[in-house]
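Just below is one structure, and these are the notes that go with it.
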Amino acid sequence: MEFNTIQDIIRHEAEAVLNIPISDSYEKAVTLIHHHVHELGGKIIMSGMGKAGQIAINMSTTFSSTGSPAVFLHPAEAQHGDLGVVQPNDIMILISNSGKTREIVELVALARNLYTNIPIIVITGNPVSQLADVADIVLSTGNPKEVCILGLTPTTSTTVMTVIGDVLVVTLMKKIGFTSAEYAKRHHGGYLGNVSRKQAGV
């Protein structure tokens, strides 16, 4: 498939988002996150390697700013002591397009050696992969073709990963009744801080 114009690229990305497989796995994922974070007092542990890791970082900061504590755990650094950030009531969201990323597969083994029953949500383009097999919940990206002219660089895949993250964040915000006043407490500085305080009347 060739993308000859800017419109072709944008159209392909938009179609990939519209074709994200939707199932009750999203509701189950949000319910599980809510239980561990907002009922048990745990946090979300996000992880991914490479470009997927960058998406995981973005998701963790977005979760945190909207009322659901989250941290990014680098899968390689986890093997050198950073695994200690994981606590008993936490939940993990792992991102891997192939579902085979060695560092992420190893992270699952390490985390479950520490806490056997830690729940794991996997976002992947390969729902029959090694990671999918060990996950409690799998959210498929639909495995879209990358717009990269080589078909290699994570482009369209990271776009849909970001959207899946937004779906989880916004759905969880609705579930916990997150308000502008609560947003303002977590986002004091900058334009968004000013806007949230005005909306909250504080």
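Each listed q (0.19 Å⁻¹) maps to a log10 I(q)/I(0) for region 56-97 from the Debye sum over equal C-alpha point scatterers, namely -0.61.
Pairs of Cα atoms nearer than 8 Å and 6+ residues apart set the relative contact order; for region 104-168 it is 22 percent. Just the protein heavy atoms count here, and of the accessible area of region 37-106 at 1.4 Å, carbon and sulfur take up 50 percent. Under a 5 Å amide H cut-off, with hydrogens placed 1.01 Å from N, LEU139 pairs with VAL122, ILE123, THR124 among residues at least 5 apart or on other chains. Annotated for region 98-202: lysine pairs at least 8 residues apart or interchain, Cα distance under 19 Å, count 4.
Computed over the Cα atoms of region 1-45, pair by distinct pair, the Kirkwood hydrodynamic radius stands at 13.4 angstrom. Taken over region 106-145, the alpha-carbon convex hull comes to 60 cubic angstrom per residue.
Candidates SER65, PRO75, ASN19 compared by Cα position along the dipole of the chain: farthest toward the positive end lies SER65, with charges placed on Cβ. Here the dipole of region 110-196 is about 240 debye; that uses its Cα centre as origin and unit charges on the Cβ of Lys and Arg (positive) and Asp and Glu (negative).
Over every Cα atom in region 1-86, the radius of gyration and the widest Cα-Cα span, Dmax, amount to 16.9, 51 Å.
Here, the chain is characterised by an Rg to Rh ratio of 0.99, where Rg is the alpha-carbon radius of gyration and Rh the Kirkwood radius.
Counting only Cα atoms, the size of region 110-202 along its three principal axes is 49, 42, 22 Å, in decreasing order. Between GLU39 and THR179, full extension at 0.36 nm per residue minus the direct alpha carbon distance yields a gain of 48.6 nm. With contacts taken as Cα pairs under 8 Å and at least 6 residues apart, the chain reaches a relative contact order of 21 percent. The residues of region 54-126 have, on average, 41 Å² of accessible surface per residue, using a 1.4 Å probe with all protein chains present.
Inverting the pair-averaged 1/r between distinct Cα atoms of region 39-131 gives 13.0 Å as its Kirkwood hydrodynamic radius.
The values are calculated or read from the model by the stated rules, or taken from the named source; none is laboratory data. What you are looking at is a predicted structure, and each value in this text was computed from that prediction instead of being measured. Note that each Cβ is placed from the backbone with ideal geometry, even for glycine, and that neighbours are counted across all protein chains shown. Note: accessible area is taken over every heavy atom of the protein model, side chains too, but ligands, DNA and RNA are not part of it. Shrake-Rupley method; radii C 1.70, N 1.55, O 1.52, S 1.80 Å.
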